[in-house]
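Data first, discussion second: the structure below is written as structure tokens.
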Amino acid sequence: YTESAQDAKLFETVFSTYTAEYLKGPMYETPEKMIGRRPFNPGEPLWGEDKKLTSNVLGPLKRVSSNELAFLTMICLAIGAWGEAQFLWFDPQFAAIDRGEYFNPIYIIAASLLPVSFWAHIACYIQKANGK
């Protein structure tokens, strides 16, 4: 094989284009270079100038007002507390299992809203601190 002038020009073009793109590195951001999910989008800072969290940390909830999040917090807290109280005290499910009966899964599903209530409360606080 002998290299022709056309092959040399093609190699030079490919090499220089590749090198130019390689040298851009992380400074040049395109969706093609994004791998998986990133914790934040460029241009949407997580921390403000006053060292407070911005609404961008909430992800899809960043456009929800603090009043709506407070309502969600209260609803989830009420349902979760009801499910926990029913499961443990008012309709004891461990005693039902000891009797050979099945437990009520609604109480477990309702009680699983307690962590949702906590995180909605944190989101409500962030939105309230940002004036939303």
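Could you grab me the full set of residues in region 76-132 that are among the β-branched types (Val, Ile, Thr), open to solvent by 50 Å² or more (accessible area, probe 1.4 Å) and under 20 Å from LEU61 (Cβ atoms)?
ILE79, VAL116, ILE122 - these are the residues of region 76-132 that are among the β-branched types (Val, Ile, Thr), open to solvent by 50 Å² or more (accessible area, probe 1.4 Å) and under 20 Å from LEU61 (Cβ atoms).
In region 87-117, what residues are among the polar types (S, T, N, Q) and closer than 30 Å to SER66 by Cβ?
Selection gives SER112, SER117.
What is the number of the single condition among (1) modelled with pLDDT under 85; (2) surrounded by 10 or more Cβ atoms within 10 Å (Cβ to Cβ); (3) of a type in the set (D, E, K, R) that GLU12 does not meet?
So GLU12 meets the others, but not (1).
Kindly list, by first and then second residue, each pair from a residue in region 42-56 that is over 14 Å from CYS124 (Cα atoms) to a residue that is in a loop (DSSP other than H, G, I, E, B) and among the acidic types (Asp, Glu), limited to pairs with Cβ atoms under 9 Å and residues at least 6 apart or on different chains.
PRO42/GLU29
Residues being among the aromatic types (Phe, Trp, Tyr) and within 28 Å of ALA123 (Cα to Cα): count how many of those fall in region 88-112.
1
Can you run down the residue pairs with Cβ atoms below 6 Å, 6 or more apart or on separate chains, where the first is in region 78-94 and on the phi < 0 side of the Ramachandran plot and the partner is surrounded by fewer than 17 Cβ atoms within 10 Å (Cβ to Cβ)?
Filtered contacts from region 78-94: GLY80/LEU114; GLN93/PHE103.
The values are calculated or read from the model by the stated rules, or taken from the named source; none is laboratory data. The structure presented is a predicted model; accordingly, all values stated were derived computationally and were not measured. Cβ sites come from the backbone with ideal geometry, for glycine too, and all protein chains shown count toward neighbours. All accessible areas refer to the heavy atoms of the entire protein, side chains included, with ligands and DNA or RNA removed. Shrake-Rupley method; radii C 1.70, N 1.55, O 1.52, S 1.80 Å.
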